[in-house]
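A.B. asks: Take a look at this one; I'll ask things after.
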Amino acid sequence: MTRLFNDPSDFPEEARLGLVAAHRDKLMAVPGGVVRSTRSQPGSVAVVVGGGSGHYPTFAGLVGQGLAHGAVMGNLFCSPSAQQVYSVAKAANNGGGVLLSFGNYAGDVLHFGEARERLIADGIPCEIVLVTDDVASAPLAEIDKRRGIAGDLTVFKAAAAAAEKGLSLEEVVQVAKEANRCTRSFGVAFEGCTLPGAADSLFHVPEGRMAIGLGIHGEPGISETDIPTADGLAEILVGRLLEEVPDGIRLQGARVAPILNGLGTVKYEELFVIYRKVDELLQDAGLIIVEPDVGELVTSLDMAGVSLTLFWLDKDMEPLWTAAADAPGYRKGSVTPAQALDPAEVEVVTQDEIPEASDASRKLACGVVEALEVLANTVNENCEMLGQIDAVAGDGDHGIGMQRGSRAALEAAKEALNGGAGAETVLQWAGKRWSDEAGGTSGAIWRVILKAMGESLGNEKPLSGQRLAAGVVNARQQVMAFGKAELGDKTLVDVLVPFADALAWEAEQGQEALACWESAARIASEAAEATRQLIPRVGRARPLAEKSVGTPDAGSVSLALIIQALIPVLKKCQAN
Ligand SMILES: Nc1ncnc2c1ncn2[C@@H]1O[C@H](COP(=O)(O)OP(=O)(O)O)[C@@H](O)[C@H]1O
Ligand SMILES: O=C(COP(=O)(O)O)[C@@H](O)CO
């Protein structure tokens, strides 16, 4: 149970500020996360890591000399936004390019990917290396689909040590990829974690049982067994990881760094009891153990669980693993203290200006704000139900994420409207703020939807059925190009495509905006219902595909509800 908080929605931000207050010699708060408060070598590569909050010391506790230069901090268990990534990367940049590294979750991939494009457009070389160490999240043949768990540490550590040595961005990327290739993890849990203010855990494991191979956000495990003894658990963990030794490694005499990680409420003494046996088993297998770590390195709030990571070392990788580091949540050897950085030297990203708009578009912008208000209310009313649907095979945060995002979007839209913005700008601001505040896959996708709608409505023209349909068609194209999901993958694309087609067809028949929308909305609701039978092929639900059959896709349901709820707003716009 997470017991101590103020307003639960302020929890991640207050934790970030407290962390910085406790470690001012190492960390500085910047919009979107933290960066080192010490000077780095000019011209060196900046290693920027990140993801959802709730995993301390990953990610922000791994910022410091010999480790990351910056960490982007999303909401609890939710990817940060592209804007946050961009902001932290700009602040962390030392002039040698930026490596973005994170744990291969759908929202992270979208947001970090978009930020990379923005950094490159600004002339900052930027590359991405995903961490994919969790052997339970996909078979070896689909290694690229695996998620990142405690292996984050080995990849970040190796990349950062390489950057510290002055290697080029290309070389640091090679090191990070090789570290990821040589890192494998496997985890178990005895009980789920509780988000601050939530009445219950994200998931439960039956008394006396242990879930095997589950994720670090409450994603259900792949199997269950009775809780073994500590030695029995060591055998399970070591046994699974020795089944999958990376190519090119001969067990006898191989060098390996084990990390026995506590996920939140397993005591250090329990970890040491397990580690005693892990150490024995690895030595029995002929391995040479190099600087092991036992402790909490990637947690999941108060989840009761343990994971074992093996980082297979060669002569090039070992010095990167053993190199000194000094971060709030990880220390090794002794670093030469670096000079403190003057906050004035750190680049801070500022807000956009509002472009000119016609009177007609400003009037339409009022309608857009009303629509966003209805959208936010609809999400609010259905928040719990959306969370329950998402919890069947995902992480249960779809309702909360949509709620946070749609509220923030409404605030931004009002600000833009008060500043004299037209429909396009209002939608653009709303989408950006949605993504910034909510992060997650849905945050990234809804930013694209609102931006695309805005592009078609523009800042000059009044509403028409054709422009509205063009906006939805544009949204469909951009969402598919951005998220790469196809029809049938069990995402909101399964609603957006038939809805856009129906709307475009109605508009071609010369129908008014409202009539078009009303009949296309029925098709959207049917399409959302039809996702029940689909097997997810992308996103958080993918590793648990079978569990998802029979339950509709959360993002499709929320989209269809929103489409329905907007009918009265269009009625009003048309009457005016
Ligand atoms: N590649 C994608 N393209 C479009 N929509 C997607 C994609 N991946 C997932 N989604 C949608 O996002 C929804 C989940 O959003 P969210 O709860 O924010 O996810 P997460 O917590 O995994 O980041 C899914 O139900 C699905 O409709
Ligand atoms: O949970 C994370 C992000 O999840 P998304 O599904 O991408 O929102 C990850 O950053 C680790 O917390």
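The values are calculated or read from the model by the stated rules, or taken from the named source; none is laboratory data. Note that the coordinates shown come from a computational prediction; the quantities given were computed from them, not determined experimentally. Cβ atoms come from the backbone with ideal geometry, glycine included; neighbour counts cover every protein chain shown.
A.B. asks: Give the residue, chosen from L375, L301, L297, that is in a helix (DSSP H, G or I) and in contact (Cβ under 8 Å) with a residue 12 or more places away in the chain.
C.D. replies: Only one candidate qualifies: L375.
A.B. asks: Test of understanding: among D247, D231, D200, which residue is surrounded by fewer than 18 Cβ atoms within 10 Å (Cβ to Cβ) and assigned to a helix (DSSP H, G or I)?
C.D. replies: Every option except D231 fails the conditions.
Results for (1) without any contact (Cβ under 8 Å) to a residue 60 or more places away in the chain; (2) more than 11 Å from the chain's Cα centre (by Cα); (3) not in a loop (DSSP other than H, G, I, E, B), shown as yes or no for each residue.
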residue	(1), (2), (3)
N94	yes, yes, no
N104	yes, no, no
D108	yes, no, yes
A115	yes, yes, yes
E127	yes, yes, yes
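A.B. asks: Just checking, how many residues over segment 48-71 are hydroxyl-bearing (S, T, Y), in contact (Cβ under 8 Å) with a residue 60 or more places away in the chain and either surrounded by fewer than 24 Cβ atoms within 10 Å (Cβ to Cβ) or within 16 Å of ligand 1 (Cβ to nearest atom) (or both)?
C.D. replies: Start the filter on segment 48-71 by keeping residues that are hydroxyl-bearing (S, T, Y), which leaves 53, 56, 58.
Narrowing the set further to residues that are in contact (Cβ under 8 Å) with a residue 60 or more places away in the chain leaves 56, 58.
Pick out the ones that are also either surrounded by fewer than 24 Cβ atoms within 10 Å (Cβ to Cβ) or within 16 Å of ligand 1 (Cβ to nearest atom) (or both) and you get 56.
Summing the residues that are hydroxyl-bearing (S, T, Y), in contact (Cβ under 8 Å) with a residue 60 or more places away in the chain and either surrounded by fewer than 24 Cβ atoms within 10 Å (Cβ to Cβ) or within 16 Å of ligand 1 (Cβ to nearest atom) (or both) in segment 48-71 gives 1.
A.B. asks: For residues in segment 203-228 being assigned to a loop (DSSP other than H, G, I, E, B) and among the aliphatic types (A, V, I, L, M), which is farthest from ligand 1 (Cβ to nearest atom)?
C.D. replies: Within segment 203-228, the match that is farthest from ligand 1 (Cβ to nearest atom) is I227.
A.B. asks: Across segment 392-438, which residue is surrounded by the fewest Cβ atoms within 10 Å (Cβ to Cβ) among those that are within 16 Å of ligand 2 (Cβ to nearest atom) and of a type in the set (A, V, I, L, M, F, W, C)?
C.D. replies: Of everything passing the filter in segment 392-438, V392 is surrounded by the fewest Cβ atoms within 10 Å (Cβ to Cβ).
A.B. asks: Got a number for residues in segment 203-220 being hydrophobic (A, V, I, L, M, F, W, C), buried (at least 23 other Cβ atoms within 10 Å of the Cβ) and within 16 Å of ligand 2 (Cβ to nearest atom)?
C.D. replies: Residues meeting the conditions: 2.
A.B. asks: When you check D134 against the structure, is it of a type outside the set (S, T, N, Q), within 16 Å of ligand 1 (Cβ to nearest atom), over 14 Å from the mean Cα position of the chain (by Cα) and surrounded by 21 or more Cβ atoms within 10 Å (Cβ to Cβ), yes or no?
C.D. replies: Yes, satisfied.
A.B. asks: What are the pairs, 6+ residues apart or on separate chains, where a residue within segment 486-508 that is touching a residue at least 12 places away in the same chain (Cβ under 8 Å) has its Cβ under 6 Å from a residue that is within 16 Å of ligand 2 (Cβ to nearest atom) and charged (D, E, K, R)?
C.D. replies: D489/R537; K490/D553
A.B. asks: Taking segment 131-153 on its own, how many of its residues are of a type outside the set (A, V, I, L, M) and away from ligand 2 (no atom under 15 Å from the Cβ)?
C.D. replies: Kept after step one, since they are of a type outside the set (A, V, I, L, M), are these residues of segment 131-153: 132-134, 137, 139, 142, 144-148, 151-152.
With the extra rule that they be away from ligand 2 (no atom under 15 Å from the Cβ), the set shrinks to 139, 142, 144.
Residues meeting the conditions: 3.
A.B. asks: Can you tell me which residue among A199, A158, A176, A163 is in contact with a helix residue (DSSP H, G or I) (Cβ under 7 Å, 6 or more places away or on another chain), farther than 17 Å from V131 by Cα and away from ligand 1 (no atom under 16 Å from the Cβ)?
C.D. replies: Being in contact with a helix residue (DSSP H, G or I) (Cβ under 7 Å, 6 or more places away or on another chain), farther than 17 Å from V131 by Cα and away from ligand 1 (no atom under 16 Å from the Cβ) holds for just one of A199, A158, A176, A163, which is A163.
A.B. asks: Right, something else. Quick one: G396 ticks every box in (1) in contact with a Gly (Cβ under 6 Å, 6 or more places away or on another chain); (2) under 27 Å from N75 (Cα atoms); (3) more than 13 Å from ligand 1 (Cβ to nearest atom) bar one, so which box is it?
C.D. replies: Evaluating G396 over (1) in contact with a Gly (Cβ under 6 Å, 6 or more places away or on another chain); (2) under 27 Å from N75 (Cα atoms); (3) more than 13 Å from ligand 1 (Cβ to nearest atom) leaves (3) as the failure.
A.B. asks: In segment 443-472, how many are more than 16 Å from ligand 1 (Cβ to nearest atom), crowded, with 17+ Cβ neighbours inside 10 Å and among the small types (G, A, S)?
C.D. replies: 7
The rows are residues; the columns are (1) within 12 Å of ligand 1 (Cβ to nearest atom); (2) out of contact with any Pro (no Cβ under 7 Å at 6 or more places or on another chain).
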| site | (1), (2) |
| --- | --- |
| M73 | no, no |
| S79 | yes, yes |
| L100 | no, yes |
| Y105 | yes, yes |
| L110 | yes, yes |
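A.B. asks: Let me ask something additional. Taking segment 178-190 as the search range and keeping residues that are surrounded by fewer than 24 Cβ atoms within 10 Å (Cβ to Cβ) and out of contact with any Pro (no Cβ under 9 Å at 6 or more places or on another chain), which one is modelled with the lowest pLDDT?
C.D. replies: F190
A.B. asks: Based on what the data block shows, is K490 in contact with a Pro (Cβ under 8 Å, 6 or more places away or on another chain), farther than 27 Å from A413 by Cα and not β-branched (V, I, T)?
C.D. replies: So K490 passes the test.
A.B. asks: Pick from A475, A481, A485, A438: which is among the aliphatic types (A, V, I, L, M), within 12 Å of ligand 1 (Cβ to nearest atom) and out of contact with any helix residue (DSSP H, G or I) (no Cβ under 7 Å at 6 or more places or on another chain)?
C.D. replies: A481
A.B. asks: Can you work out which of the residues in segment 504-556 that are in contact with an Asp or Glu (Cβ under 6 Å, 6 or more places away or on another chain) and under 23 Å from G103 (Cβ atoms) is modelled with the highest pLDDT?
C.D. replies: Only one residue tops the list, namely A554.
A.B. asks: Among the residues of segment 493-503, is any touching a Cys at 6+ places or on another chain (Cβ under 9 Å) and over 20 Å from W446 (Cβ atoms)?
C.D. replies: Checked segment 493-503: at least one residue is touching a Cys at 6+ places or on another chain (Cβ under 9 Å) and over 20 Å from W446 (Cβ atoms).
A.B. asks: Which residue, of I120, I128, is within 16 Å of ligand 2 (Cβ to nearest atom), over 11 Å from A46 (Cα atoms) and not basic (K, R)?
C.D. replies: I128
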